[in-house]
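Take a look at the structure set out below.
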Amino acid sequence: MNEKYVIANWKMNPDTTKEAKSILQGLKKTLDKSKIKNTKVLIAPPSIFIRDIISLKIKKFLLCAQNASYNHIGSHTGEISVEMFSSFGVGYSIVGHSDSRRSNDSLYDINKKIEACLKNKIKPILCIGESEKDNNGFYLKNISDQITSALSGISKKDIPNIIFTYEPVWAISNSNQRNATGEEVSEAVMFIRKVISDLYDEKTARSIVVLYGGSVDEGNVASYLESGEVSGFLVGKASLSPEKFSKIILQTENSIKKNANN
Ligand code: PGA
C-alpha cells in the first residue's frame, strides 16, 4: 500500500531519439545521488523510441506503453499490440487517456484493452476523469460510468493489477483551464474507491492504487500528496524536464518516508 508510482507520459515528444535519450540520461544523473526505494518510475515514450531506450540499460526506469491495441496480429495498420509491447519487456500501458478517448477509443475498446493487458501481464494505467466539472456533482456520474464500463467482466482478483488514474480533462496542461486543488483530487480519489467498493467490495476498494494526473509539477505536487489519498502521478509536460520530473519523484518518495514516520 505504501508503494508509489510516478509516470512520465511523454505524449508525442520529443522530436528525435537523441533528445529522448538525453532526457533519460539527465534524469538518471539527477536521481543517481538519491535513494529511490519505494517509488516506481515509469517512462511512457512514443513507441518508436522504445528500442533505443532499452539499449540505455537504465534499470531505474520501467517502460510503459502510451496506448496498445487489443487486437492480435493481422490487418491493423498503424497499431501495436499488447503482445508486441510485452515481447519488448514493457510491463505497463496507459489505457483510456483522454487524448485517445477523444481520437478513437470507445468505451468498448477501453474495456477490451484492459482485458488484453491483464491477459498478457501488462498492468493497465486506467485513466478516468470528467471533461467539465459542475457544482452539482453530475461529473461524478461520468467518473462512475467510465469505471463501470472499463471494468465490465473484469474479475475481482484482477483489480489490484490495475492502476487507476484520476485525470480531469479540464486540468490537463493543454486544456488551459485551471489546476485541480488538493481537495478536489482527494474527493475524486475517495469517490473512485467508493465505485470500486460498490462494484466489488470494500477490501478491494481499499487495496487499489489511485494516481492523479493534470498539470502536476514540482510546485504543486506537495498539495496533492498532503492528504495521503493519492499513490503517485501521471505527469505530461513536466516529465520532459529532467529537473522538474526528478523533483516530483523526490517529493513523492519523501512523502512515503514522512507518512511512515507519523
Ligand atoms: P500534463 O499531462 O501533466 O501535461 O497536464 C498529463 C496527462 O495528460 O497525462
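The values are calculated or read from the model by the stated rules, or taken from the named source; none is laboratory data. Just so it is clear, the structure is predicted and the values come from calculations on it, not from any experiment. We place every Cβ from the backbone using ideal geometry, glycine too, and count neighbours over all the protein chains shown.
If you go through region 64-80 and keep only what is polar (S, T, N, Q), under 20 Å from the mean Cα position of the chain (by Cα) and farther than 24 Å from residue 40 by Cα, you end up with just 69.
Scan region 241-253 and tell me whether some residue there is within 16 Å of the ligand (Cβ to nearest atom) and outside any helix (DSSP H, G or I).
yes
Within the set 212, 224, the sole residue that is in contact with a Gly (Cβ under 6 Å, 6 or more places away or on another chain) and not hydrophobic (A, V, I, L, M, F, W, C) turns out to be 224.
Against the criterion of being within 16 Å of the ligand (Cβ to nearest atom) and either touching a Ser or Thr at 6+ places or on another chain (Cβ under 6 Å) or without any contact (Cβ under 8 Å) to a residue 12 or more places away in the chain (or both), residue 81 does not qualify.
Residues in region 156-170 that are within 13 Å of the ligand (Cβ to nearest atom) and either more than 19 Å from residue 66 (Cα to Cα) or in a loop (DSSP other than H, G, I, E, B) (or both): how many? So the answer is 3. Listed by position, the helices (runs of 4 or more DSSP H) inside region 44-126 whose residues that are over 28 Å from residue 170 (Cα atoms) number at least 1 are 50-55, 82-87, 107-119.
If the requirement is being in a loop (DSSP other than H, G, I, E, B), within 15 Å of the ligand (Cβ to nearest atom), closer than 19 Å to residue 37 by Cα and out of contact with any His (no Cβ under 9 Å at 6 or more places or on another chain), which of these qualifies: 230, 216?
230
Restricting the first member to region 109-138 and to residues that are under 16 Å from residue 99 (Cα atoms) and at pLDDT below 95, and the second to residues that are within 15 Å of the ligand (Cβ to nearest atom) and of a type in the set (Val, Ile, Thr), the beta-carbon pairs closer than 7 Å and six or more apart or on different chains are 131/169.
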